[in-house]
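Everything on this sheet refers to the single structure shown next.
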């Protein structure tokens, strides 16, 4: 069980810290132009950070204590394939979810 | 072409943000469930979502707290996961930086994956939008997303342990992230950035406190920028 004081200190710190990071550029830097090389790197934040977050979760799922899991791996590939093919985020998620449940029912 | 009204741009944003509801419902419900299993009550779970408003960071902090990790480790890990918010803020600055400070202060709270992803794409497309249009679009995207985040966190905390493990809600997170990534893979530079990020994050997964994600994220960004420069040189 998490200690109540610890929990509130953690939530407050992360909350304030996250807000400051969100405010950093938009609030402090304002409309002063940013150098092109910074902008060039920032274009690739989403496409770099999100895959970096996902890759370990796909290969070593927490639900199986990090053991390789075929239904989850297949579901990840189905999501990716449908997303690339249709460019439809929602359809990709639904396909991935359907594949996961089907896989867990058949293989799990 | 007639100039759009700010109202119509707000609705445009709302329509773009609405599909994310289906993504956020399992995600935030899951957070509520995990929080209640870790011993948080409904108010505490909701407070977490209201204050942090970032799923990955919330999950990371909660998991570490439940594992009895030191408090400062939980805080630093969550903030590290949220470093991308600073990057989003920077990416939005060329478009929103000229707005009055109080509007920027409010907008900053709503800088999340969805508002960033939608806004950057649309701002690039609609160069004729003025500041009022841009802000209307930004808050339009946030309008359907944020209330569902709060609401489903509470619902999940209420449902608590009633949800069986067989629902495999754990994998809602990876599937959601994967689906969000695919439309971003527009150019060879984007693809290269993603591939390098994946490889590096697997190589550096042994690093403690999610540091591997940061290393891989920065490696991916540098790769994307370098490939972009290379491709531009080849064209000229």
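A compact table of results
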| item | result |
| --- | --- |
| Any pair with Cβ under 9 angstrom, 6 or more apart, that starts in the range A:59-75 at a residue that is outside the structural domain of residue A:99 (by TED's automatic domain parsing) and ends at one that is surrounded by 16 or more Cβ atoms within 10 Å (Cβ to Cβ) and part of a helix (DSSP H, G or I) | none |
| Top-ranked residue in the range A:18-36 [being facing another protein chain (nearest Cβ under 7 Å), in a helix (DSSP H, G or I) and surrounded by fewer than 19 Cβ atoms within 10 Å (Cβ to Cβ); ranked as modelled with the lowest pLDDT] | A:29 |
| Hey, residue A:15 touching a residue at least 12 places away in the same chain (Cβ under 8 Å), touching a helix residue (DSSP H, G or I) at 6+ places or on another chain (Cβ under 8 Å), under 30 Å from residue B:42 (Cα atoms) and assigned to a helix (DSSP H, G or I) or not | no |
| The range A:1-11, subset at the interface with chain B (Cβ under 7 Å from one of its Cβ atoms) and in a helix (DSSP H, G or I), residue nearest to residue B:107 (Cα to Cα) | A:11 |
| Selection status of residue B:37, surrounded by fewer than 24 Cβ atoms within 10 Å (Cβ to Cβ), more than 10 Å from chain A (Cβ to nearest Cβ), over 17 Å from the mean Cα position of the chain (by Cα) and over 27 Å from residue B:136 (Cα atoms) | yes |
| Residue list for the range B:51-94, filter: facing another protein chain (nearest Cβ under 8 Å) and not in a helix (DSSP H, G or I) | B:53, B:54, B:82 |
| The range B:114-150: number of residues that are without any contact (Cβ under 8 Å) to a residue 40 or more places away in the chain and within 15 Å of residue B:54 (Cα to Cα) | 2 |
| Sole residue being touching a helix residue (DSSP H, G or I) at 6+ places or on another chain (Cβ under 6 Å), more than 8 Å from every other protein chain (Cβ to nearest Cβ) and either within 13 Å of residue A:41 (Cβ to Cβ) or modelled with pLDDT under 95 (or both), chosen from B:213, B:227 | B:227 |
| In the range A:69-85, residue surrounded by the most Cβ atoms within 10 Å (Cβ to Cβ) [restricted to those that are touching a helix residue (DSSP H, G or I) at 6+ places or on another chain (Cβ under 7 Å) and more than 7 Å from chain B (Cβ to nearest Cβ)] | A:82 |
| Single unsatisfied condition, residue A:89 versus (1) within 7 Å of another protein chain (Cβ to nearest Cβ); (2) more than 16 Å from the chain's Cα centre (by Cα) | (2) |
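The values are calculated or read from the model by the stated rules, or taken from the named source; none is laboratory data. Here the structure is a predicted model, which is why all the values come from computation and not from measurement. For neighbour counting, all protein chains shown are included, and Cβ atoms are generated from backbone atoms with ideal geometry for every residue, glycine included.
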